[in-house]
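Colleague: First, the structure itself, so that you have it in front of you.
Please treat every number below as a calculation from the coordinates, not as lab data. This one's a predicted model, so the numbers in the text were calculated from it and none came from an experiment. As a convention, Cβ positions derive from the backbone with ideal geometry for all residues, glycine included, and neighbour counts pool all protein chains shown.
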Amino acid sequence: MAACLGSVSEMRSIRTVLEELDEEKQVVRPETPNSNPNSPTSTSASVMVMRRKVERIFPVYARGKLSPRSDPALNSGSVVGDSIWDAVRVEAKCEAENEPILSSFLYASILSHDCLEKALAFIIANRLQNNTLLETQLMDIFCDVMVQNRGIHRAIRLDLQAFKDRDPSCLSYCSALLYLKGFHSLQTHRVAHALWNQGRKVLALALQSRVSEVFGVDIHPAAKIGEGILLDHGTGLVIGETAVIGDRVSLMQGVTLGGSGKETGDRHPKVGEGVLIGASVIVLGNIKIGDGAMIASGSLVLKDVPQHSMAAGIPAKVIGYVEEQVPSLTMKHDASKDFFEHVAIGEYSI
């Protein structure tokens, strides 16, 4: 799979950007009476005009990153009717107009690519690259996995939607794609997990190490993570080798899903669907967090937590049940003061 756009798709991407910019600014292209728009000479000239305009609009930083590929099959990563990718491109174009100083960055990161997977590969590769893991190598690795794996296609979009819907500080799909390290860490893990399952464990561990170094997020490549996941902030997050996380889970910063000792085998937590885990929660051992449960911030969980229950404390105890079927979507991290006073009175009277 190609890490970047081929010449044909690159041309279409540039044409789209320029036509929209020209339409908005009411720019009229001059035509001569004898010109034939369908002739090879005219087409070549128009392409050169477009390239010159692109070079003027998007400075040198954005150029030289695209290596043309002649095989059309290599550029088959685009998804027909991809509403999220369409929204990302629209947002990026608006941001480029509002902040011209970012135009080259937005072009290189988003507008020059023909699908979400290739844009994401470019963005993550630039953030993770160093002297030994080169940007071009990382882009090839990410594209090879993302473009071929339909499961990752779906997960990327559901994760992006989760960040947009649940994080009030997330301004747009575009901002999540470009800037949020929780999203970048999660998508890198998806690639590392695929590589781990292919037997490429050394490479998967190299990606894990680099993500831990750059983002402060440590997720073992063997850990199984569902779709529609929010890693809010992400800093200090640790997920062990045999951990399993269901769909639509929200994890705040500083969460640890770890083992309880030096035992081997299946030794990490199993988190059900729709679970909300607050900041700095530690969950240790091969225990189950039931679907729709909520763990209050700062808790230490050492035993199973039933479905749709609220656990808090050190060690954590079940203090009630949540009204929401899927608390991870509402992102209500705490109970009301009245609720805790009621629980405290009940405990004291017992």
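Colleague: Below 8 Å between Cα atoms, with a sequence gap of 6+, how large is the relative contact order for segment 142-230 in percent?
Modeller: Once normalised by length, the contact order is 34 percent.
Colleague: Compactness ratio of segment 144-215: Cα Rg over 2.2 N^0.38 Å, N = residue count?
Modeller: That works out to 1.16 for segment 144-215.
Colleague: For segment 208-214, what does the Karplus curve 6.51 cos²θ - 1.76 cosθ + 1.60, with θ = phi - 60°, yield as ³J(HN,Hα) per residue in whole Hz, taken in order and with x for Gly and Pro?
Modeller: So the Karplus estimates, Gly and Pro as x, are 4, 4, 5, 4, 4, 5, 7 Hz.
Colleague: Let me see the P(r) profile for segment 188-325: every Cα-Cα distance counted, bins of 5 Å, each bin given as a percent of all pairs.
Modeller: 2, 11, 20, 25, 20, 12, 6, 3, 1
Colleague: Which of the peptides 283-295, 233-245 is most tightly packed, and how do the rest follow, judged by the mean count of other Cβ atoms within 10 Å per residue?
Modeller: Values: 283-295: 21.8, 233-245: 20.3.
Top to bottom by mean Cβ count within 10 Å: 283-295, 233-245.
Colleague: Could you grab the Rg to Rh ratio for segment 109-157? Cα atoms only, Kirkwood for Rh. Walk me through the numbers on the way to the answer.
Modeller: Details: Rg = 10.7 Å, Rh = 10.9 Å.
On the Cα set of segment 109-157, Rg over Rh gives 0.98.
Colleague: Among 323-330, 210-217, how do they line up from the highest to the lowest mean number of other beta-carbon atoms within 10 Å? It would help to have the intermediate numbers written out before the result.
Modeller: Details: 323-330: 17.0, 210-217: 18.9.
Output ranking for 323-330, 210-217: 210-217, 323-330.
Colleague: Ok, one more. Contour minus end-to-end for residue 135 and residue 213, with contour as 0.36 nm per residue of separation and end-to-end as the Cα-Cα distance? The partial results should precede the final answer.
Modeller: Details: separation 78, 0.36 × 78 = 28.08 nm, distance 1.62 nm.
Full-extension gain reported as 26.5 nm.
Colleague: Which of 206, 258, 230 sits farthest toward the positive end of the charge dipole of segment 142-285, with +1 on the Cβ of Lys and Arg and -1 on the Cβ of Asp and Glu?
Modeller: Positive-end residue among those listed: 206.
Colleague: Determine ³J(HN,Hα), in whole Hz, for all residues of segment 159-174 in sequence, where each value follows from phi through the Karplus function 6.51 cos²θ - 1.76 cosθ + 1.60 and θ = phi - 60°; x replaces Gly and Pro.
Modeller: Once θ is set to phi - 60°, the couplings for segment 159-174 become 5, 4, 5, 4, 4, 5, 7, 9, 9, x, 8, 7, 6, 6, 4, 4 Hz.
Colleague: Taking H placed 1.01 Å from N in the peptide plane, check which residues at least 5 places from residue 301 or on another chain put their amide H under 5 Å from its amide H.
Modeller: 282, 283, 284, 316
Colleague: Under a crude label model (7 Å from the Cα following the beta-carbon direction), how far is residue 101 from residue 266 in nanometres?
Modeller: Placing both labels 7 Å beyond Cα along the Cβ direction yields 5.4 nm.
Colleague: Moving on to the next point. Students often check this: by mean Cβ neighbours within 10 Å, which of 175-187, 93-105, 112-124 ranks highest, and how do the rest follow?
Modeller: Values: 175-187: 22.4, 93-105: 15.2, 112-124: 24.5.
Averaged packing, sorted descending, gives the order 112-124, 175-187, 93-105.
Colleague: Using amide H atoms built in the peptide plane, which far-off residues or other-chain residues are under 5 Å from residue 321 H to H?
Modeller: 310
Colleague: If you average the sequence gap of Cα pairs under 8 Å that are 6 or more apart and divide by the length of segment 104-183, what percent do you get for the contact order?
Modeller: 21
Colleague: Would you pull out the residues with amide H under 5 Å of residue 245's amide H, same chain only if 5 or more places away, H placed 1.01 Å from N?
Modeller: Result for residue 245 returns 224, 225, 226, 271.
Colleague: Something else about it: Residue by residue through segment 303-313, what is 3J(HN,Hα) from phi via Karplus (6.51 cos²θ - 1.76 cosθ + 1.60, θ = phi - 60°)? Round to whole Hz and write x for glycine and proline.
Modeller: 10, 4, 10, x, 4, 6, 10, 10, 10, 7, x
Colleague: Which net charge results for the neighbourhood of residue 290, defined as the other residues with beta-carbon distances under 10 angstrom from its beta-carbon, given Lys and Arg at +1 and Asp and Glu at -1? Numbers along the way, then the final one.
Modeller: Numbers: positive: 270, 288; negative: 273, 291, 304.
Around residue 290, the charge tally is -1.
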